[in-house]
Amino acid sequence: MNKNENLTGIYLLFLLPLGVVSAACAILFLQLQENILASISLIVAIVSFALIVSRYMKYVGDIRREAATAETAERFRAEQAETHVEELQHYVEELERSSHALRESRERFRHAAYHDALTGLANRNHFLEMIDPCLRTSTDDLGERFALLFLDLDRFKTVNDSLGHLVGDKLIVNVGKRLVAVTENRGVVGRFSGDEFAILLYKIKDPSEAVRFAEMISDEIGVAFDLDGRQIFTSVSIGIAVGNSRYKDPEELLRDADIAMYYAKEMKKPYVIFDQIMHARAVSLLELETDLRLAVERDEFELFYQPLVNLDNVSLVGFEALVRWNHPSRGLITPGEFIAVAESTGLIVPMTMRLLRSACEQAVEWKERGLAPDQMVMSVNLSAVHLAQRGLVDQLRSIIFETGIEAEHLKLEITESAVMQNAENVIAVLKKIKELGVRLSIDDFGTGYSSLSYLHRFPIDTLKIDRSFVSTMEDGSENGEIVRTVIALAKALNLSVIAEGIESIHQFHQLRILGCEYGQGFLFSRPISAKEAENLLADDNRWRNILPPNEFGVIARNLEYTHLRIQ
Ligand code: C2E
Ligand code: CA
Ligand code: CA
């Protein structure tokens, strides 16, 4: 019921008795006209009527006021309700907006957590998760198998170093795009780190399908990349691991593809399929790594010494210290088996520091006991990895100080490939080493494609001709010519020269005729233990049979090498 209907009801309620009272008074007035009582009755009736009317009017006024108040209150409530509805709407919108933003940021986080920022491809974690279902449903049935391809760009570091990181990044992005284009919907592409990518190839009929796919990838990446108007060529090494029921964990599959990739790199092949022999080798390499760590802790290394000989008079002028590993179960292991692992693990640094100290101590001891020749040289091999270490010069300084060796009696042998790797930096380090008074020799010379323009800037004392040239040098052969040229080069640069790997009297004589001053090789002695070296030092008759008595001092010197030009 509305407000107006209420008022009408109220009016009717009062008007009806009012009418009845008025009618009754009128009847009374007519019947008792001449009667005083009638007059009084009339007055009473009129007064009553007036009272009733006034009460009625007041009542109506009250009701109107109340109705107005009610109306105002109602309007106010309605307005308030409207405001509330608006606020609620606004609140709901806000809520929707923030939940949308939350959803978006969750998506962004999810994407960032699962994708590589540079290429937008799946990252390592996401990629591994995608392998998981393949492994669970994997059978050895044809048509249901899958393959994992692990890819690494070749020489990417060169692009990065020479053209800058921006170009490097662009190359990575473009490689990623090509991989996605070749893969289409046959699999997924991921980027792991740096220049490493992986492709999960679904549903292959047999391994040869993965090989054909790898060939396609290799061809595609081999096409020049046009980056900022510059043509950049690159290639890729691919390791392939085919999924089978033996694999239980995505990491295992990835590990095998990774191992195969390293084989591809090593063998300079575009791709290699993983096999069990690779696995066995990888396991033994890992064992070697673990054993080597222990060996450094337990100091299982021992130095052997190979004499350095003056070819003019066949006198002993020093030793090259060569490391041997006294393995607890395998016995004596030669450096060829472990130096590369020691370098890749960084263990070469603590190992060399101990060896250096022990070689210096040995030289001092022989000197003090009067066994060593006056200007005896102790040659120690220094790896390229070590050369790049900060603090090397300080460590050398303290070893020289602590052992008391005269610095010029210590010689460091650094391979030619090591010095050429990062020539400018190496020159700076070598200069500092030289300032200590230590002598320097370039080892395996002739194998590292030295730039002659650099060579004269190296603060070195000696060139050591690589064994491969000495062992195959015959009169007039190409290697004989190389030996002749290196000797001439050393003389032109005012460096001393030593030939390693002299095994025969013939080689010895040839080197002497060419004017090679020093030599080292099995002809004189194999590398021997410290005890054997002491015996050799004490033996005055050593190598007497090598040099016929009438040949003393015949060394072809002052040969002219007019054909040699230093660039
Ligand atoms: P390298 O520095 O060229 O050392 C000479 C190697 O040639 C030695 O092999 C030595 O035994 C061998 N040799 C010497 N004369 C002859 C010869 O007449 N005929 C033949 N066939 N071989 C000869 P080793 O001791 O097995 O060392 C191999 C390499 O391992 C060394 O080559 C050197 O590069 C590395 N090496 C050895 N000791 C150390 C070390 O303490 N530190 C580092 N960084 N490398 C080392
Ligand atoms: Ca050496
Ligand atoms: Ca050598």
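The values are calculated or read from the model by the stated rules, or taken from the named source; none is laboratory data. This is a predicted model, so every value here is computed, not measured. Ideal geometry is used to build each Cβ from the backbone, glycine not excepted, and the neighbour counts take in all protein chains shown. Remember, those area values only see protein heavy atoms, side chains included, never the ligands or the DNA or RNA. Shrake-Rupley method; radii C 1.70, N 1.55, O 1.52, S 1.80 Å.
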(request) Answer yes or no: is there a residue in segment 327-346 that is within 16 Å of ligand 3 (Cβ to nearest atom), under 30 Å from residue 545 (Cα atoms) and of a type outside the set (A, V, I, L, M, F, W, C). (result) yes
(message) Being touching a helix residue (DSSP H, G or I) at 6+ places or on another chain (Cβ under 8 Å) and within 16 Å of ligand 3 (Cβ to nearest atom) is the requirement here; does residue 511 meet it?
(response) yes
(request) Look through segment 408-430, keep the residues that are away from ligand 1 (no atom under 16 Å from the Cβ) and of a type outside the set (A, V, I, L, M), and return whichever of them is least open to solvent (accessible area, probe 1.4 Å). (result) 409
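So which of 302, 289 is touching a residue at least 40 places away in the same chain (Cβ under 8 Å), open to solvent by 30 Å² or more (accessible area, probe 1.4 Å) and within 14 Å of ligand 1 (Cβ to nearest atom)? Working first, answer last.
Details: 289 fails: within 14 Å of ligand 1 (Cβ to nearest atom).
Answer to the selection: 302.
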(request) Residues being among the charged types (D, E, K, R) and either within 16 Å of ligand 3 (Cβ to nearest atom) or surrounded by 18 or more Cβ atoms within 10 Å (Cβ to Cβ) (or both): count how many of those fall in segment 442-497. (result) 8
(request) Taking residue 229 as meeting all but one of (1) within 25 Å of the chain's Cα centre (by Cα); (2) open to solvent by 60 Å² or more (accessible area, probe 1.4 Å), write down the number of the exception. (result) (1)
(request) Residues that are closer than 20 Å to residue 217 by Cα and without any contact (Cβ under 8 Å) to a residue 60 or more places away in the chain: find the helices (runs of 4 or more DSSP H) completely inside segment 65-184 holding 2 or more of those. (result) 165-183
(message) I need the strands (runs of 3 or more DSSP E) fully contained in segment 196-315, keeping only those with at least 1 residues that are closer than 30 Å to residue 529 by Cα.
(response) 301-310
(message) Name the single residue that is farthest from residue 319 (Cα to Cα) among those in segment 515-526 being more than 16 Å from ligand 2 (Cβ to nearest atom) and open to solvent by less than 20 Å² (accessible area, probe 1.4 Å).
(response) 515
(request) Inspect segment 431-443 for any residue being within 14 Å of ligand 1 (Cβ to nearest atom), of a type in the set (Gly, Ala, Ser) and touching a strand residue (DSSP E or B) at 6+ places or on another chain (Cβ under 9 Å) and give the result as yes or no. (result) yes
(request) Being in a loop (DSSP other than H, G, I, E, B) and under 48 Å from the mean Cα position of the chain (by Cα) is the filter; apply it to segment 527-550 and report the residue that is surrounded by the most Cβ atoms within 10 Å (Cβ to Cβ). (result) 527
(request) Would you mention how many residues in segment 73-106 are open to solvent by 100 Å² or more (accessible area, probe 1.4 Å) and more than 60 Å from the chain's Cα centre (by Cα)? (result) 6
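Does any residue of segment 382-399 turn out to be small (Gly, Ala, Ser), open to solvent by less than 10 Å² (accessible area, probe 1.4 Å) and in contact (Cβ under 8 Å) with a residue 12 or more places away in the chain?
As a first pass, look at segment 382-399 and keep what is small (Gly, Ala, Ser): 383-384, 388, 391, 398.
Cutting the leftovers down to open to solvent by less than 10 Å² (accessible area, probe 1.4 Å) gives us none.
No: segment 382-399 contains no residue that is small (Gly, Ala, Ser), open to solvent by less than 10 Å² (accessible area, probe 1.4 Å) and in contact (Cβ under 8 Å) with a residue 12 or more places away in the chain.
Taking residue 321, is it of a type in the set (A, V, I, L, M, F, W, C) and more than 9 Å from ligand 1 (Cβ to nearest atom)? Even if it seems obvious, please write down each step before you answer.
Details: of a type in the set (A, V, I, L, M, F, W, C): yes; more than 9 Å from ligand 1 (Cβ to nearest atom): no.
Here the answer is no, as residue 321 does not meet what is asked.
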(request) Mind listing just one residue for me: the one in segment 426-444 that is away from ligand 2 (no atom under 16 Å from the Cβ) and assigned to a loop (DSSP other than H, G, I, E, B) and, of those, nearest to residue 512 (Cα to Cα)? (result) 437
(request) Determine which single condition residue 280 fails, assuming it passes every other condition in (1) assigned by TED's automatic domain parsing to the domain that holds residue 498; (2) away from ligand 3 (no atom under 16 Å from the Cβ). (result) (1)
(message) Just to be sure before I move on: is residue 503 open to solvent by 30 Å² or more (accessible area, probe 1.4 Å) and within 16 Å of ligand 3 (Cβ to nearest atom) in the structure I sent?
(response) yes
(request) Sort out which residues of segment 460-479 are away from ligand 2 (no atom under 13 Å from the Cβ) and closer than 20 Å to residue 517 by Cα, and write them in order of number. (result) 460, 461, 468, 469, 470, 471, 472, 473, 474, 475, 479
(request) For segment 425-435, indicate whether the set of residues that are modelled with pLDDT under 95 and either within 13 Å of ligand 3 (Cβ to nearest atom) or outside the structural domain of residue 377 (by TED's automatic domain parsing) (or both) is non-empty. (result) no
(message) What's the number of the only condition in (1) under 26 Å from residue 230 (Cα atoms); (2) touching a Gly at 6+ places or on another chain (Cβ under 6 Å) that residue 182 fails to meet?
(response) (2)
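Table: residues versus (1) touching a residue at least 12 places away in the same chain (Cβ under 8 Å); (2) closer than 23 Å to residue 159 by Cα; (3) within 23 Å of the chain's Cα centre (by Cα).
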| residue | (1), (2), (3) |
| --- | --- |
| 197 | yes, yes, yes |
| 242 | yes, no, no |
| 246 | no, no, no |
| 256 | yes, no, yes |
| 263 | yes, yes, yes |
| 277 | no, no, no |
